[in-house]
Amino acid sequence: MGRSQETSNKKEKEKKKLKKKQEKELKKKERKATTGKKSFEDMLAYVDEDGNLTTTPPDPTKKRVINSEDIEISVSKKEDLEPIDPVRKGTVTFFNDSKGYGFIKDHDSQDSVFVHINGLEEDVREGDKVTFETEMGQKGLNAVKVKLLKPEA
């Protein structure tokens with residue numbers, strides 16, 4: 001006759017599983033016994049005059065009546081801003097003629113702005129000072145209407 005396939009290790013694992021299952025069931029029964037059913041009144045929450053949640057209902061004598069015409073909803077007024085000059089100044093930091101694109105470093109914001117050969121109005125090289133305008137492209141700002149900056153006399 002063959003030996004039993006069950007080892008002591010398997011028996012121990014089965015005992016642990018059974019014990020865990022019984023403990024879980026016991027905890028479940030304890031929770032049900034202690035929680036009980038809550039009434040609807042116990043579940044209500046109120047908001048006081050400061051906007052805080054509380055369990056006590058508001059005092060009806062302190063009730064304020066607000067006329068809906070007195071409520072004003074609008075956008076806050078802003079000071080008239082000076083119109084921003086769309087023409088920026090910068091330096092060409094990189095330009096690849098064969099691929100037709102490059103980058104311009106803005107003098108004011110120090111941002112690097114992409115420029116495509118189609119956005120050029122004059123030929124540019126690296127190190128040239130230029131004026132340009134920006135428009136939003138698919139991947140960020142693009143420089144357009146790029147012109148060489150005339151050297152001041």
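The values are calculated or read from the model by the stated rules, or taken from the named source; none is laboratory data. Given the structure is predicted, the values throughout are model-derived calculations rather than measurements. Here Cβ is always computed from backbone atoms with ideal geometry, including for glycine, and neighbour counts include all displayed protein chains.
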Of the numbered conditions (1) surrounded by 12 or more Cβ atoms within 10 Å (Cβ to Cβ); (2) touching an Asp or Glu at 6+ places or on another chain (Cβ under 6 Å), THR54 fails exactly one; give the number of that condition.
(1)
Confirm whether THR134 is surrounded by 10 or more Cβ atoms within 10 Å (Cβ to Cβ), touching an Asp or Glu at 6+ places or on another chain (Cβ under 8 Å) and hydroxyl-bearing (Ser, Thr, Tyr).
no
Which numbered condition PRO60 misses (of (1) at pLDDT 85 or above; (2) more than 32 Å from the chain's Cα centre (by Cα); (3) loosely packed, with under 10 Cβ neighbours inside 10 Å; (4) not charged (D, E, K, R)):
(1)
Being without any contact (Cβ under 8 Å) to a residue 24 or more places away in the chain, of a type in the set (Gly, Ala, Ser) and touching a Lys or Arg at 6+ places or on another chain (Cβ under 9 Å): is that true of SER112 here?
yes
GLU6 vs (1) surrounded by fewer than 10 Cβ atoms within 10 Å (Cβ to Cβ); (2) under 42 Å from the mean Cα position of the chain (by Cα); (3) at pLDDT below 85: all pass except (2)
For residues that are under 18 Å from GLY140 (Cα atoms), assigned to a loop (DSSP other than H, G, I, E, B) and without any contact (Cβ under 8 Å) to a residue 40 or more places away in the chain, tally how many sit in the stretch 70-106.
1
So how many residues does the stretch 63-82 have that are at pLDDT 85 or above and of a type in the set (Asp, Glu)?
2
